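The values are calculated or read from the model by the stated rules, or taken from the named source; none is laboratory data. In this text the structure is predicted, and so the values were computed from the model without any measurement. Cβ sites come from the backbone with ideal geometry, for glycine too, and all protein chains shown count toward neighbours.
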Amino acid sequence: MKKPAAAAPEMPHPMEELLRMDRIPHIWCPTCGLGTVVTAFAAALETLELPLDDVAVVSGIGCTGRVAGYIKVDSFHTTHGRAIPFATGLHLTNPKLKTVVISGDGDLISIGGNHFIHAARRNVDITVICVNNFTYAMTGGQVAPTTPLGANASTMPYGNYERPFNIPYLAESSGAVYVARWSALHVRRLTTAIAEALEKPGFSVVEVISPCSTLYSRRNRLGTGLDLMKFYHDNCVIKHGAPTRELDIGFQEEITVGKFVDLERPTYVDAMNKWYAGVFGDDYEPYEGAVK
Amino acid sequence: MTADPKGVLTGEHYLDGDHAAAEGALAAGCRYFAGYPITPSTEVAERIAARFPLVGGLFVQMEDELASMAAILGGAWAGAKSMTVTSGPGFSLMMENIGLGIMMEVPTVIVNVQRGGPSTGLPTLPGQADIMQARWGSHGDYEIIAVSPSSPQEAFDHTIMAFNFSEKYRLPVFVMMDECVGHMTEKVVIPKADEIEIVPRKWYEGDVGDYLPYKADDDMIPWMVKVGDGHRFHTTGLTHDERGYPVMNAECQETCVGRLVEKIRSRVDDIVVLEEEEVEGADVVVVSYGITARVAIPAVERARADGINVGSLRLVTVWPFPENRIRQLAKKVKSFIIPEINYGQLYYELERCAGGEAKTILVPHAGGWVHDDKDIYDAIKEGAK
Ligand SMILES: Cc1ncc(C[n+]2csc(CCOP(=O)(O)OP(=O)(O)O)c2C)c(N)n1
Ligand code: SF4
Ligand SMILES: [Mg+2]
């Protein structure tokens, strides 16, 4: 079925331009959704024809945190929870870059939750791709602030009784200007969403529901990653513009996906420039970056 | 290289240490600042917030100190000289990302205007009890550089010195101020821009395809690039090889961490800045730093006037510790006296380096105010016996 490894040199990897081929094979498990997320991200960059030199990827810590290590742009693997503030520093110092945060649900919504809401409030012009696998995967499948009620986790061995966050609702109410949710099954739509988010000035969030085949899935007896893909196929319902407050995810229940928020609001730098121009008049040189 | 005149407020001013540190940062070329308010450091942030818009800098008040520290690392990778400022509780929150700065070798500056601790302690009153935290506060092995100004003038000068150290050795550098220096107002002379020496970043100038983020030459300092330069590099807080790629084994740990430590340890004598008075031939040497030097030095002078053969050694840089100089002096003096606004922190270093050859006497102070100079005077008398 598979071609023998020896044939590989004749068939360059289709994403060679965007991957650190010297780091492949990656560390992710078979049928993990993370490979698909990377593929969708790469495809989005390709669609937009963005110069790769102008893109920076920042990740926190976790299985998803490893994304930064495989994408061949300027890439930063930082500390658990701090990808957004690190990216804020990068972006505010050089706003011409496309700064993208790709990290996990635990990283962004638990330990980094405060940064998530404040970056949204400020409307910092970065894109956040939050891979939600409903668990802390890297550390072995502990409960996350996204684990559905009733799901099993290594630190909720009798099932989770803590109410999870609804990420799109959190993002919208904190001020994000673009919010979408897709699953790792929806590669084409996910690619479009990532491309739209990248183009959107301001704080944009794409939540990706992604199978963790090894931990979340196994612990909850949901089969392989492939079985979860099948589940997404049968149970994801596309509802563009659905009110974000209705997007809670129950254990093995219907998952609403789609684009929920797409609006205009001045970015942090635009708001600052406009304000200071009013205060200082001609003495103020509009800020385009701290490094000339 | 000399300073960019745009940030330099040349002239004579009356400034407190906090404002002077802010001017030092501006003069050093700092153009990205992320911070979170905390007494007694807030005035540094306030002055920068007021000054940055017209010099092309970006000030942002972050949601906490975890964010501030992470943000200035990002700012530095984007090519700016960056800084944050805090005090005890915020310093504690910064520790993990200070470690990231050490591991990624990011030039940046952290000003800690020390107050009394532990915990919320004495927000409006001085302390010097974060000195060991500056050295060891983040997990893992590393070396750091810290300076400790004794006056507003030095708050200005030492902040520039801290930026220069950070660029030269590629690491976060601490300005360990205290509430007294931060809030005392004195004359501060800001020189002309072309009289201020600035160490530029060690920029990589080779070809795009050839860049290795952690390949260093004999000086052990890797070349730096900034995002958007086209190198499409990777960096991580994980133990990494020259490419910046994670490598999880003991051998790589040795090379990676070994260099982080050695790049400073092998240069201690180049880095250390001391101010000595009447140390040669003294029986007693008083070792002091920061605000405590302002009390210790008059006590030394009074003791000398009273016929005691005592000298003063002031630590301008508190880290790395001047091990060689102390070992040398230990062979000659009867005793070292060290007053600190803590219950003994650098005292342990002093005792270690004195190696039993000279007596070491601590003059502790719990914080909240400076020493009574009589306590230092009495210790000198005791040490001269
Ligand atoms: C400060 C800190 N606390 C805890 C950890 C341990 N840790 C590493 S990854 C992780 C959870 C990751 O979960 P998530 O962000 O959802 O990523 P995933 O592995 O699921 O992709 C934790 C708790 C850490 N690295 N740093
Ligand atoms: S543990 Fe889960 S999230 Fe991590 S690589 Fe394996 S399948 Fe993916
Ligand atoms: Mg997760």
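For (1) closer than 25 Å to A:Lys259 by Cβ; (2) of a type in the set (Gly, Ala, Ser), each residue gets a yes or a no:
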| site | (1), (2) |
| --- | --- |
| A:Arg121 | yes, no |
| A:Val131 | yes, no |
| A:Phe134 | yes, no |
| A:Gly150 | no, yes |
| A:Pro157 | no, no |
| A:Pro164 | yes, no |
| A:Tyr169 | yes, no |
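From the list A:Thr155, A:Thr147, pick out the single residue that is within 14 Å of ligand 1 (Cβ to nearest atom), touching a Pro at 6+ places or on another chain (Cβ under 7 Å) and β-branched (Val, Ile, Thr). Give the steps one after another, and end with the answer.
Details: A:Thr155 fails: touching a Pro at 6+ places or on another chain (Cβ under 7 Å).
One residue alone meets the criteria, A:Thr147.
Residues that are assigned to a helix (DSSP H, G or I), free of Cβ contacts under 8 Å to residues at least 40 places away in the same chain and within 15 Å of the chain's Cα centre (by Cα) do occur in segment A:103-112, at least one of them. Taking the criterion of being at pLDDT 95 or above and assigned to a loop (DSSP other than H, G, I, E, B), would at least one residue in segment B:344-354 satisfy it? Yes - at least one qualifying residue is present in segment B:344-354. For beta carbons closer than 7 Å, sequence separation of 6+ or different chains, a first residue in segment A:273-287 that is more than 8 Å from chain B (Cβ to nearest Cβ) and over 18 Å from B:Val60 (Cα atoms) and a second that is surrounded by 10 or more Cβ atoms within 10 Å (Cβ to Cβ) and modelled with pLDDT of 95 or more, there are no qualifying pairs.
Tell me, which residue of segment A:104-144 that is among the polar types (S, T, N, Q) and surrounded by fewer than 24 Cβ atoms within 10 Å (Cβ to Cβ) is nearest to ligand 1 (Cβ to nearest atom)? Before you say what the answer is, go through the steps one by one.
Residues of segment A:104-144 among the polar types (S, T, N, Q): A:110, A:114, A:123, A:127, A:132-133, A:135, A:139, A:142.
Now drop any that are not surrounded by fewer than 24 Cβ atoms within 10 Å (Cβ to Cβ), which leaves A:110, A:114, A:123, A:139, A:142.
Values: A:Ser110: 7, A:Asn114: 14, A:Asn123: 24, A:Thr139: 4, A:Gln142: 7 Å.
Filtering first and then ranking leaves A:Thr139.
For segment A:156-178, indicate whether the set of residues that are within 16 Å of ligand 2 (Cβ to nearest atom) and surrounded by 18 or more Cβ atoms within 10 Å (Cβ to Cβ) is non-empty. Write out each step before concluding.
Step one: filter segment A:156-178 for residues within 16 Å of ligand 2 (Cβ to nearest atom), giving none.
Within segment A:156-178 (the criterion being within 16 Å of ligand 2 (Cβ to nearest atom) and surrounded by 18 or more Cβ atoms within 10 Å (Cβ to Cβ)), the answer is no, since none of the residues qualifies.
When each of B:Ile337, B:Ile326, B:Ile297, B:Ile308 is tested for being closer than 27 Å to B:Asp270 by Cα and surrounded by fewer than 20 Cβ atoms within 10 Å (Cβ to Cβ), the lone residue that passes is B:Ile297.
Results for (1) farther than 23 Å from B:Ala76 by Cβ; (2) under 24 Å from the mean Cα position of the chain (by Cα), shown as yes or no for each residue.
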{"residue": "B:Trp223", "(1), (2)": "no, yes"}
{"residue": "B:Asp229", "(1), (2)": "no, no"}
{"residue": "B:Thr239", "(1), (2)": "no, no"}
{"residue": "B:Gly244", "(1), (2)": "no, no"}
{"residue": "B:Val247", "(1), (2)": "yes, no"}
{"residue": "B:Ile264", "(1), (2)": "no, yes"}
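Residues that are within 21 Å of the chain's Cα centre (by Cα) and acidic (Asp, Glu) were ranked within segment B:4-45; the one that is nearest to the other protein chains (Cβ to nearest Cβ) is B:Glu23.
Only one of the numbered conditions (1) modelled with pLDDT under 95; (2) within 16 Å of ligand 1 (Cβ to nearest atom); (3) under 30 Å from B:Ile72 (Cβ atoms) is not met by A:Ile84, and that is (1). Within segment A:256-272, the set of residues being within 12 Å of another protein chain (Cβ to nearest Cβ) and of a type in the set (Ser, Thr, Tyr) comprises just one member, A:Tyr268.
Can you tell me how many residues within segment A:24-75 are in a helix (DSSP H, G or I), at the interface with chain B (Cβ under 9 Å from one of its Cβ atoms) and either of a type in the set (S, T, N, Q) or within 11 Å of ligand 1 (Cβ to nearest atom) (or both)?
We begin by selecting, within segment A:24-75, every residue in a helix (DSSP H, G or I); these are A:34-48, A:52-54, A:64-69.
Cutting the leftovers down to at the interface with chain B (Cβ under 9 Å from one of its Cβ atoms) gives us A:52-54, A:66, A:68-69.
Adding the requirement that they be either of a type in the set (S, T, N, Q) or within 11 Å of ligand 1 (Cβ to nearest atom) (or both) leaves A:66.
Going through segment A:24-75 one residue at a time, the tally reaches 1.
Taking first residues from segment B:239-250 that are modelled with pLDDT of 95 or more and partners that are of a type in the set (A, V, I, L, M), the Cβ contacts under 7 Å between residues at least 6 apart in sequence or on separate chains come to B:Thr239/B:Val247; B:Thr239/B:Met248; B:His240/B:Val247; B:Asp241/B:Val247; B:Glu242/B:Leu212; B:Arg243/B:Leu212; B:Pro246/B:Leu238.
Of all residues in segment A:130-143, exactly one satisfies the criterion of being hydrophobic (A, V, I, L, M, F, W, C), within 12 Å of ligand 2 (Cβ to nearest atom) and farther than 17 Å from A:Ile102 by Cβ, namely A:Phe134.
Residue by residue, here is whether (1) aliphatic (A, V, I, L, M); (2) away from chain B (no Cβ under 14 Å); (3) away from ligand 1 (no atom under 16 Å from the Cβ) holds:
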{"site": "A:Leu190", "(1), (2), (3)": "yes, yes, yes"}
{"site": "A:Ala193", "(1), (2), (3)": "yes, yes, yes"}
{"site": "A:Lys200", "(1), (2), (3)": "no, yes, yes"}
{"site": "A:Ile209", "(1), (2), (3)": "yes, yes, no"}
{"site": "A:Arg221", "(1), (2), (3)": "no, yes, yes"}
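The listed residues are A:Val124, A:Val131, and the only one of them that is of a type in the set (A, V, I, L, M, F, W, C), outside any helix (DSSP H, G or I) and more than 13 Å from A:Cys212 (Cβ to Cβ) turns out to be A:Val124.
Look through segment B:64-96, keep the residues that are of a type in the set (Gly, Ala, Ser), in contact with a helix residue (DSSP H, G or I) (Cβ under 6 Å, 6 or more places away or on another chain) and surrounded by 24 or more Cβ atoms within 10 Å (Cβ to Cβ), and return whichever of them is farthest from the other protein chains (Cβ to nearest Cβ).
The first filter runs over segment B:64-96 and keeps only residues of a type in the set (Gly, Ala, Ser), leaving B:67-68, B:70-71, B:74-76, B:78-80, B:82, B:87-88, B:90, B:92.
Checking the rest, the ones that are also in contact with a helix residue (DSSP H, G or I) (Cβ under 6 Å, 6 or more places away or on another chain) come to B:67, B:70-71, B:74-75, B:78, B:80, B:82, B:90.
Applying the additional criterion that residues be surrounded by 24 or more Cβ atoms within 10 Å (Cβ to Cβ) yields B:67, B:70-71, B:74-75, B:78, B:80, B:82.
Working: B:Ala67: 4, B:Ala70: 4, B:Ala71: 4, B:Gly74: 3, B:Gly75: 4, B:Ala78: 3, B:Ala80: 4, B:Ser82: 7 Å.
Filtering segment B:64-96 for residues that are of a type in the set (Gly, Ala, Ser), in contact with a helix residue (DSSP H, G or I) (Cβ under 6 Å, 6 or more places away or on another chain) and surrounded by 24 or more Cβ atoms within 10 Å (Cβ to Cβ), the one farthest from the other protein chains (Cβ to nearest Cβ) comes out as B:Ser82.
Within segment A:65-118, the set of residues being hydroxyl-bearing (Ser, Thr, Tyr) and more than 15 Å from ligand 2 (Cβ to nearest atom) comprises A:Ser75, A:Thr78, A:Thr79, A:Thr88, A:Thr93, A:Thr99, A:Ser110.
When A:Thr99 is tested against (1) under 21 Å from A:Asp262 (Cα atoms); (2) of a type in the set (Ser, Thr, Tyr); (3) in a helix (DSSP H, G or I), only condition (3) is not met.
Give segment A:268-285 a look and list any residue that's in contact with a Phe, Trp or Tyr (Cβ under 8 Å, 6 or more places away or on another chain) and assigned to a loop (DSSP other than H, G, I, E, B), or say none. Lay out the reasoning, then the answer.
Kept after step one, since they are in contact with a Phe, Trp or Tyr (Cβ under 8 Å, 6 or more places away or on another chain), are these residues of segment A:268-285: A:269, A:272-273, A:276-277, A:284.
The one that is in contact with a Phe, Trp or Tyr (Cβ under 8 Å, 6 or more places away or on another chain) and assigned to a loop (DSSP other than H, G, I, E, B): A:Tyr284.
For segment B:203-219, filtered to residues that are in contact (Cβ under 8 Å) with a residue 24 or more places away in the chain and surrounded by fewer than 19 Cβ atoms within 10 Å (Cβ to Cβ), the residue that is nearest to the other protein chains (Cβ to nearest Cβ) is B:Leu212. Screening B:Leu125 against (1) in contact with a Phe, Trp or Tyr (Cβ under 8 Å, 6 or more places away or on another chain); (2) away from chain A (no Cβ under 14 Å); (3) within 23 Å of A:Gly81 (Cα to Cα) leaves a single unmet condition, (3).
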